[in-house]
Amino acid sequence: MVRSRFAPSPTGGFHIGNLRTALYSYALAKHENGEFVLRIEDTDKKREVEGGVEMIKTTLEMFGLIWDKYYVQSERQKTGIYERAAKKLVDSGHAFYCQCEAKNAKEKGYSKVLRDPCRDKKLKSGAVKLKVPDNERVGFVDFVLGKEVSWDSSSVADATLLKSDGFPTYHLAVVVDDSDMGITHALRGHDWMPSTPIHILVYKYLGYKMPNLGHLTDILDPGGGKLSKRKGSVSVDAMLAEGYLPEAVLNFVMLLGWAPKDNREIFTLEEFVKVFDVGGLQKANPVFDRNKLDWMNGEYVRQVKSEKLKVKIYDFYKGKYGEEMIGRTVPLVKTRMKKLSDYEELAGFFFERPKVDRKMLGNNAESHLEAAAKVIEGLEDWNLEKLNEGLMKVVGENGFKTGEFFMDLRIAITGRKFTPPINESMIILGKEETTSRIRKCLPKKT
């Protein structure tokens, strides 16, 4: 059985790259009717963020990436599974105890010493480090890149496997866990490639079968360089807060490193799983294209039924706007919306009377607005058909230019030049409010 895993650390926000790794791992397993494992790698307690585990689970559930098996490394650590593996490596001569003081690499810089001074001291306690051999070729076939990648072990440093506090580092835990959980395929970020020779050696010395390893491309920032989680706009939470729909974000992520055979762009999760093929995983680094995301999100907004979109908008603005009025205005603006956050700009004038800059009005605005106000005030039946009929009649009778007439009307009522259909908007605003806004833009009579 194909079994893949997503193994995040609860140390901060959920980055778009994390979502992609989870999605591809999920699709890889489910395409083959296999199992998808969620493993929380929480052995670095100093960096763990409160609530981080629940945030990971909630995010995956939101996108429909439901796991079949669930593990937590700190719970597994209590069983001694990592210590037993470390001891086995020491006993076989492939690891050693080290009592050197641990350095903070960020503060003091990464060590350039490849061979640890403690490796031949035969110490009986301390942190456990891998005894890397010299002049040995270490390699594997990367199933994403489709080629063999190898290193000279002389360039690989003695890596810490088990810290002195009994907690494993990633190098030991990932090997023990992938083997113990029967992981057949492991996808991970390209930044883990330099660590791979360490893991290959640990697999070899523990006598474990290594899963198929694949390293995904880096997602590039449009401005250059690798997309960083420090840029809040590419965290999943930030994108949702900007008004992107989860379904659209997931669809966008599908195509950040994977290409379908038919150039199709819109996929549900179920459709994506059905056509997913590891051969479609790309080798060239994709660029995070915000314009494409906006386009795709707009496509999804238009697919949402107005009644459901009303609720989404209401929830997005946390009740700032009345649900009944949102429901009436959504059909007018949904085709213009790219994100939920566009609603306020497009429909805000329904909720709050705008400040009108009279400089925006045309030279004949006074005549246009006076004529429009008289027509509207004289309407006995307040409906779109009668409003259209009355306004077009006054345009014809006065020889007004249709575009200029309705532009002045639009500005007087909404304060903007680009809005939803203005006649439909007036019907929603009501006869009294519409007339009041028009009259307010006319000069006061003395």
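A short reminder: the numbers here are calculations on the coordinates, not readings from a lab. Please read all numbers here as calculations on a predicted model, not as lab measurements. Cβ placement follows ideal geometry from the backbone for every residue including glycine, while neighbour counts extend to all protein chains displayed.
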- In the chain, what % of DSSP beta bridges are antiparallel (nearest 5)? 50
- Item | Backbone HN-Hα couplings from phi across the range 236-243 [Karplus 6.51/-1.76/1.60, Hz, Gly and Pro as x] | 4, 4, 5, 5, 5, 5, 7, x
- Item | Under 5 Å, built H, 5+ apart or other chain: amide partners of ARG3 | GLU35, THR184, HIS185
- Check: the range 10-133 dipole with +1 on Lys, Arg Cβ and -1 on Asp, Glu Cβ, in debye: 860
- Message: Is there a quick way to get the dipole size of the chain? I mean about its Cα centre, with the Cβ of Lys and Arg at +1 and of Asp and Glu at -1; what is the value in debye to the nearest 20?
- Response: 1100
- Task: Would you look at the GNM of the chain, springs on alpha carbons closer than 10 Å, and say which of VAL113, VAL236, VAL72 moves the most?
- Result: VAL113
- Note on the structure: Heads up, the range 305-352 by the C-alpha gyration tensor (a ≥ b ≥ c square roots of eigenvalues; a/c under 1.5 rounded, else a/b over b/c prolate, else oblate) looks rounded
- Task: Enumerate cysteines in the chain without a disulfide-compatible partner, where compatibility requires another Cys Cβ under 4.7 angstrom.
- Result: CYS100, CYS441
- List the aspartates and glutamates whose alpha-carbon lies under 19 Å from that of LYS261, not counting same-chain residues fewer than 8 positions away? GLU32, GLU270, GLU271, ASP277
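Hey, got the dipole for the range 305-352? About the Cα centre, +1 on K and R Cβ, -1 on D and E Cβ, debye to the nearest 20?
That gives the range 305-352 a dipole magnitude of about 280 debye.
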- Query: If you count, for each residue, the other Cβ atoms within 10 Å and average over each peptide, how do 269-275, 158-164 line up from highest to lowest?
  - Reply: 158-164, 269-275
- Message: Straight-line reach from LYS374: which aspartates and glutamates fall under 16 Å, measuring Cα to Cα and dropping same-chain residues less than 8 apart?
- Response: GLU366, GLU389, GLU397, ASP408, GLU432, GLU433
- Residue order, fewest to most surrounding Cβ atoms within 10 angstrom, among LYS209, LYS440: LYS209, LYS440
- Message: Under the rule a/c < 1.5 gives rounded, and otherwise a/b versus b/c splits prolate from oblate, where does the range 207-273 land using the Cα gyration tensor?
- Response: oblate
- Query: Once you put a point 7 Å from the Cα of TRP192 and another 7 Å from the Cα of LYS417, both along the Cβ direction, what distance in nm separates them?
  - Reply: 5.3
- Query: Want the number for SER125 to LEU220: 0.36 nm per residue separation, take away the alpha-carbon distance, what's left?
  - Reply: 29.8 nm
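For the chain, just say rounded, prolate or oblate: build the C-alpha gyration tensor, square-root its eigenvalues into a ≥ b ≥ c, call rounded for a/c under 1.5, and beyond that prolate if a/b exceeds b/c, oblate if not.
On the way: a/c = 3.42, a/b = 3.04, b/c = 1.12.
It comes out prolate by the Cα gyration axes.
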- Query: Among 359-366, 429-436, how do they line up from the highest to the lowest mean number of other beta-carbon atoms within 10 Å?
  - Reply: 429-436, 359-366
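Rounded to the nearest 0.05, what FRET efficiency do LEU114 and GLU136 have when you use their Cβ-Cβ distance and R0 = 22 Å?
Working: r = 13 Å, r/R0 = 0.61.
In this case the efficiency is close to 0.95.
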- Query: What lysines sit close enough to LYS312 to cross-link, taking a C-alpha to C-alpha distance under 23 Å and skipping anything fewer than 8 places away on the same chain?
  - Reply: LYS57, LYS292, LYS320, LYS334, LYS338, LYS339
